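Peer 1: Before I ask anything, here is the structure I am working with.
The numbers here are math on the coordinates, done by the rules we state, and not lab data. All values reported here derive from a predicted model rather than from experimental measurement. Positions of Cβ are backbone-derived with ideal geometry, glycine not excepted, and every protein chain shown enters the neighbour counts.
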Amino acid sequence: MSSTKFQMFQVRITPKIDSEITSFQNMLDNMPDPRVVMRKDGDDFDLIDGVNKRRIIYYGTFCLVQNSDLPPRAKLGERPKDLELDEGEGLGHYTSFFFDSTNDIILIQYNRNGITASGIAKYFKRNFRTEIRKIEFNVVINPSEIERLRRMGEVRSLELSVASVRGGGILANDGVSRSVGELRSIADKTNADSISIKLTMGHTPGTLRRNRIAAIFGNLLRADTHGDIKKMEITGKESDEGALETIDFITNKVIVEVTLPRSRHFTLATIERIIRDGIANYNEIKPEIDTAYKVRRNSDLDE
């Protein structure tokens, strides 16, 4: 059976001075009406029914209406026919999300024809442009792998492979460009469409700069909304006498998978079932995520 996947991020916002909006939860509780409709490649997208809430979970679905490059109606043995859509109608591509208000974790459905995580972040930034300066969706890595990285006293090498860099790709992202702008320049000058690098200490004692590597990898993961990073690994060891270990940042991104119901037509009931099943699967791993990605609230600091 086919399935759909939700990728996990932790949300961080930077409010403007004196703004009453101080968290992503505040934003979801105070969605503007009307909202600003956004565009992706010339096609409009917006929330189809606002933001809903079920106890600590907020959820919603974006719809992108494809109005160009539409496929024809087809039937075997017959010639292709126009879809005959009314003005303003098009193909609907749906991207659902849900947000846990206790730990600022958002899960965003992966849909190549829908809206990416960065597109959703831009949507909320645009609709709260007078209240917030910045919004970030930081990729959540398997908590056990994060702990391994923290214990790693020496980082001996890193490997990175990125596809689809011609014309910039994810290397054109502002945060990535500041970190690895030289790689994009080399790719542009050579007309390369993929980059693979390995940085290593070789036989020299010491360690690569772990904090700097973590920042670069974090920027790349945030920008990778289409799965263009093919390899991202760090190899190191806890102590001089320890064995070398490898941490794979691609296979260890936290993903929640949902089995799609069999249906000829994609309906609102289908969307609601996907969200419901996604939340149920997330709840099974929530305790581990809570421990690794706890959020300190102002009320916590006052205690």
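Peer 1: Restrict the search to segment 78-129; then list the trypsin sites (Lys or Arg not before Pro) that DSSP places in a loop and that have at most 15 other Cβ atoms within 10 Å of their Cβ.
Peer 2: Numbers: sites: 81, 112, 122, 125, 126, 129; in loops: 112, 129.
Of the trypsin sites (Lys or Arg not before Pro), the ones in loops of segment 78-129 whose Cβ has at most 15 other Cβ atoms within 10 Å are 112, 129.
Peer 1: So which residue, out of 150, 73, 212, gets the largest mean-square fluctuation from a GNM of the chain using Cα contacts under 10 Å as springs?
Peer 2: 73
Peer 1: Then there's this: At q = 0.18, 0.22, 0.24 Å⁻¹, what is the log10 ratio I(q)/I(0) for segment 89-147, with the Debye formula run over Cα points and no solvent?
Peer 2: -0.80, -1.04, -1.12
Peer 1: Across 5 Å bins from the origin, how do the percents of Cα pairs in segment 1-123 run, short distances first?
Peer 2: Taking all Cα pairs of segment 1-123, the binned fractions are 2, 9, 17, 19, 18, 13, 8, 6, 4, 2, 1, 0, 0, 0 percent.
Peer 1: Right, next: Express the Stokes-Einstein translational diffusion coefficient of segment 1-57 in µm² s⁻¹, to the nearest whole number, given a Kirkwood radius over alpha-carbon pairs, 37 °C and a viscosity of 0.692 mPa s. Could the numbers behind the result be given before it?
Peer 2: Details: Rh = 14.5 Å.
Rounded, D is 226 µm²/s.
Peer 1: DSSP loop GluC sites (Glu not before Pro) in segment 48-93 with at most 10 other Cβ atoms within 10 Å of their Cβ, which ones?
Peer 2: Values: sites: 78, 84, 87, 89; in loops: 78, 84, 87, 89.
Here the GluC sites (Glu not before Pro) that fit, given the DSSP loop and packing criteria, are 78, 84, 87.
Peer 1: For semi-axes √(5λ) of the Cα gyration tensor in Å, pick the label among (i) 37, 23, 15; (ii) 35, 26, 20; (iii) 119, 30, 10 that corresponds to the value derived from the coordinates.
Peer 2: Identified label for the calculated read-out: (ii).
Peer 1: I've got another one for you. Pick out, in residue order, every one of the GluC sites (Glu not before Pro) in segment 199-271 that is DSSP loop and has at most 10 other C-beta atoms within 10 Å; say none if there are none.
Peer 2: Numbers: sites: 233, 238, 241, 245, 257; in loops: 238, 241.
Passing sites in segment 199-271 are 241.
Peer 1: Step through the residues of segment 53-60 one at a time and calculate ³J(HN,Hα) from phi using the Karplus curve (6.51 cos²θ - 1.76 cosθ + 1.60, θ = phi - 60°), rounding each to whole Hz and writing x for Gly and Pro.
Peer 2: Taking θ as phi minus 60°, the curve returns 9, 10, 6, 8, 9, 9, 8, x Hz for segment 53-60.
Peer 1: Considering only 45, 213, 64, whose Cα is most displaced toward the positive end of the charge dipole of the chain, charges sitting on Cβ of Lys, Arg (+1) and Asp, Glu (-1)?
Peer 2: After comparing all options, I get 213.
Peer 1: Okay, next question. Return the distance in nm (one decimal) between the two label points of a simple spin-label model at residue 74 and residue 55, each offset 7 Å from Cα along Cα→Cβ.
Peer 2: Spacing of the two 7 Å Cα→Cβ label points: 4.5 nm.
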